[in-house]
Amino acid sequence: MKITFLGHASLSIEVSGKHILVDPFITANPRAAHIDVNTLKADYILLTHAHQDHILDVESIAQRTQAVIVSNWEIATYYGNKGFHTHPMNHGGSWQFDFGKVKYVNAVHSSSFPDGTYGGNPGGFVIESEHKNIYISGDTALTMDMKLIPLRTKLDLAIFPIGDNFTMDVEDAIIASEFVECDKVLGVHYDTFGYIEINHEDAIKKFFSSGKDLMLLGIGEFIEL
Ligand code: NI
Ligand code: MN
């Protein structure tokens, strides 16, 4: 499994020969100016919630790639009505895709589209694939529901927002990593806007003192599991 950071909370995941984009927000992110949205591959686009900073580039990418948009019922219906391929899910449900099993899990946040359309309840994804399991929490507060995840899945990586203000901060993400029983964390949702700028060294040190590993990738950098 190869996970490329595309800036903000956007990821590209390659697994079992498939390309999965998560929360594509690239063209309005000046820090991601070197990422060419027109060359990104996508068989699936996973959306945690409907906020602008998670869906901005969905339509252009889905149009070009014919990718299947996977999200909650309301978001899938919104894109389905526009003629896109979709797979609707809802909280607690799993589906076996050709690249692995995906479960849509709880997040504590909000989820309206930029035009005010109701975007259902926000979520995260647990992906079990190629003997590697990851959890993408999406934008969320620290929540006790995270403790449910290790009851079913032994995680190899947790992907958490750490930018504070709209989501968990670094300290809460450390507790979240305890809740999900995964010491390896990829941080997202930081530095993009003024509200969520963080001190990288400080964040990494805090995780390290808790016996955990926080990875902060440059935009375009990847890790392999
Ligand atoms: Ni959000
Ligand atoms: Mn966000």
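The values are calculated or read from the model by the stated rules, or taken from the named source; none is laboratory data. Predicted model only: the values in this text are computed from it and were never measured. Heads up, the Cβs are rebuilt from the backbone with ideal geometry, glycines too, and the neighbour counts pull from every protein chain shown. Heavy atoms of the whole protein, side chains included, go into the accessibility calculation; ligands, DNA and RNA do not. Shrake-Rupley method; radii C 1.70, N 1.55, O 1.52, S 1.80 Å.
Remarks
- Members of segment 181-192 found to be within 15 Å of ligand 1 (Cβ to nearest atom), in contact (Cβ under 8 Å) with a residue 40 or more places away in the chain and part of a loop (DSSP other than H, G, I, E, B), listed by number: His189, Thr192
- The requirement of being touching a residue at least 24 places away in the same chain (Cβ under 8 Å) and either within 20 Å of Ile204 (Cβ to Cβ) or of a type outside the set (Gly, Ala, Ser) (or both) is not satisfied by Thr86.
- Verdict on His91 being at pLDDT 95 or above, away from ligand 1 (no atom under 16 Å from the Cβ) and within 26 Å of Gly163 (Cα to Cα): yes
- Of the numbered criteria (1) open to solvent by 30 Å² or more (accessible area, probe 1.4 Å); (2) touching a Lys or Arg at 6+ places or on another chain (Cβ under 8 Å), the one Gly7 fails is (1).
- Test: residue in segment 39-51 that is small (Gly, Ala, Ser), under 18 Å from the mean Cα position of the chain (by Cα) and at pLDDT 95 or above: yes
- Looking at Glu130, Glu74, just one residue is modelled with pLDDT under 95 and among the charged types (D, E, K, R), and that residue is Glu130.
- Residues that are part of a helix (DSSP H, G or I) and touching a Ser or Thr at 6+ places or on another chain (Cβ under 9 Å) within segment 201-216 comprise just one, Phe207.
- Evaluating Lys18 against the criteria (1) surrounded by 22 or more Cβ atoms within 10 Å (Cβ to Cβ); (2) touching a residue at least 24 places away in the same chain (Cβ under 8 Å) leaves one unmet condition, (1).
- Of all the numbered requirements in (1) open to solvent by 50 Å² or more (accessible area, probe 1.4 Å); (2) under 16 Å from the mean Cα position of the chain (by Cα); (3) of a type in the set (Val, Ile, Thr), Val185 misses one, and that requirement is (1).
- Filter pass, Gly116 being of a type outside the set (S, T, N, Q) and free of Cβ contacts under 8 Å to residues at least 12 places away in the same chain: yes
- Of all residues in segment 109-155 being of a type in the set (S, T, N, Q) and within 16 Å of ligand 1 (Cβ to nearest atom), the one that is nearest to Val185 (Cα to Cα): Ser137
- The strands (runs of 3 or more DSSP E) found entirely in segment 62-180 that carry 2 or more residues being under 26 Å from Ile196 (Cβ atoms) and open to solvent by less than 70 Å² (accessible area, probe 1.4 Å) are 68-72, 100-106, 123-129, 132-136, 157-161.
- Tally of residues being within 16 Å of ligand 1 (Cβ to nearest atom), open to solvent by 10 Å² or more (accessible area, probe 1.4 Å) and either in contact with a Leu (Cβ under 7 Å, 6 or more places away or on another chain) or of a type in the set (Gly, Ala, Ser) (or both) across segment 45-61: 1
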